[in-house]
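One structure is given below, encoded as C-alpha cells.
Derivation of every value follows stated rules applied to the coordinates shown; laboratory data play no part. Because the structure is a prediction, the values reported are computed rather than measured. In this analysis, Cβ positions are derived from the backbone assuming ideal geometry, glycine residues included, and neighbour counts consider all displayed protein chains.
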Amino acid sequence: MVGVRASKAHRDEGIALVVLMSCSALFVIAIALILGFLAFNGTRLFWGDHYSPLKFLFGTDWDGFGGHYGAATFIAGSLVATGMAIAIGGPLGVAIGVFFSELAPKRVATAFKPAIEVLVGIPSVVYGWLGLTLLVPAIATVFHLPDGDGLLAAGIVLSIMILPTVISLSEDALRVVPNSLREGSAALGATRWETITKVLLPSASSGIAVAVILGVARAIGETLAVQLVLGNAAILPTSLLKPAAALTSEIVMDMGDAPDGSGFKHALFAMAFLLLLISMGLILLIRLALRRRT
C-alpha cells in the first residue's frame, strides 16, 4: 500500500514537472518571438531602407511621410521627462520609505502601506486625465502661460506615478537590514538620524537602487499619461514649460497612420526597439544591484 502511494506521488510529481516545464518553455518562446519580431522590424529601417542610424538617433527632422526620421527630439523628450520624474519622485519616495520604516508609529505605517500599494493599480490614463484637468491649468496660471502642458507637467505626473513603487521597495529594503546594525549604532552613541543616514541607507543602497531603477523603467515606458500632458510637439526641449514629445507618445499617435512596409512604419518600430533596449539595460542594472546586495 505504501509502495502504491509512493508510486502515485512520484507520478503526480512527474506530471506537475512536465506541466511547469512546458509553461516555462512557452513563456521563453513567446518572449524570444517578441524580441525577434521587434529586433527584425526595429532594425529594418537601417538595413532595408538604408537609413543612417546616426541620422535616426541624432537627427531632429521628423517627417514620416517625407522620409525624414530624426528621432532625437523624441529621445530627448523621453529622457528629460524621465529625469524629472526621478529627480522629484526618487528622493521623495525614498524619504517616505525611510519614514514608514524607521520613524512612523507601527499603526500609521500599517494603515498607510495598503493605501500606497493601491496607487500602483490606478490606470495611467487616470493620472494623465487628472494632470490634464488639474495640473496643466495650474501651471498655466502660475507661470502666466496660454497652456500649461509640457515637460514640467509630464515630469510631475510621472513622479507621482512612480512614487508607490519607490516607496514600497525602499521600505522593504530598509526593513530587511538587520536590527543588530541599528542596535550597534545606538550603542556607539549615534542619533537616530545618524543611524539612518550613515548606517541604514548605505546598507540598503542596492535595494534602494533597484527601487529607483524600476521607477525609471515605468516612467520611460509610460504612454497615455505622458501623451495627455506633454503637448506632443516634435521639437527639441529648450524649456520645461514648453510642449515636447516622447518616444511612446509618438509611436501611439503615428502607428495607425503609417503604411505597412513603409520607412515610416519601420522608423516607428525602430523607436519601439530603442525603448526595448533601454528597458533591457535597466534590467541589467537591476541584476547588478541585486548581485551587490548578495
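A few remarks follow.
- Region 163-237 and region 32-78: distance between their alpha carbon centers, rounded to Å: 33
- Compared with the direct C-alpha span, the chain from SER205 to SER239 gains 9.0 nm at full extension, assuming 0.36 nm per residue.
- With the simple spin-label model, which puts each label point 7 Å out from Cα in the Cβ direction, the ALA138 to ALA16 separation comes to 5.2 nm.
- Tally of Lys pairs whose C-alpha atoms are under 30 Å apart, taken over the chain, 8 or more apart or cross-chain: 5
- The translational diffusion coefficient of the chain, from Stokes-Einstein at 25 °C and 0.890 mPa s with a Kirkwood hydrodynamic radius over alpha carbon pairs, comes to 111 µm²/s.
- Between LEU145 and ASP61, the FRET efficiency from the beta-carbon distance, with R0 = 30 Å, is close to 0.65.
- Using the Karplus relation 6.51 cos²θ - 1.76 cosθ + 1.60 with θ = phi - 60°, the per-residue 3J(HN,Hα) values for region 260-275 come to 5, x, 8, x, 4, 5, 5, 5, 5, 5, 5, 5, 5, 5, 5, 4 Hz, with x marking Gly and Pro.
- Computed with the Debye formula from one identical point scatterer per Cα of region 34-149, without solvent, the log10 of I(q)/I(0) at q = 0.09, 0.23 Å⁻¹ comes to -0.50, -1.24.
- Cut-off 17 Å, label 7 Å out along Cα→Cβ of MET253, residues of region 120-149 by amide N: 128-129, 132, 147-149
- Spin-label proximity, LEU103 to region 188-231 - amide N less than 14 Å from point 7 Å beyond Cα toward beta carbon: 192-198, 201
- Other-chain or far-sequence residues with amide H under 5 Å of TRP62's (modelled H): GLY70
- Taking every DSSP helix (H) stretch of at least 4 residues in the chain, weighting each as -39,500 (n - 2.57) and dividing the sum by the residue count yields a mean residue ellipticity at 222 nm of -23500 deg cm²/dmol.
- Computed 3J(HN,Hα) for region 236-247, one whole-Hz value per residue from the Karplus formula 6.51 cos²θ - 1.76 cosθ + 1.60 where θ = phi - 60°, is 5, x, 10, 8, 5, 9, 9, x, 8, 9, 10, 4, glycine and proline marked x.
- Two-decimal Rg to Rh for region 97-240 - Kirkwood Rh, Cα set: 1.10
- Cβ-Cβ distance of LEU54 and ALA87, R₀ of 41 Å, FRET efficiency by 1/(1 + (r/R0)^6): the value works out to about 0.90.
- Contour excess over end-to-end distance, with Cα ends at PHE112 and ALA25 and 0.36 nm allotted per residue: 27.4 nm
- A cut-off of 5 Å between modelled amide H atoms, ignoring neighbours fewer than 5 places along the same chain, links SER262 with no other residue.
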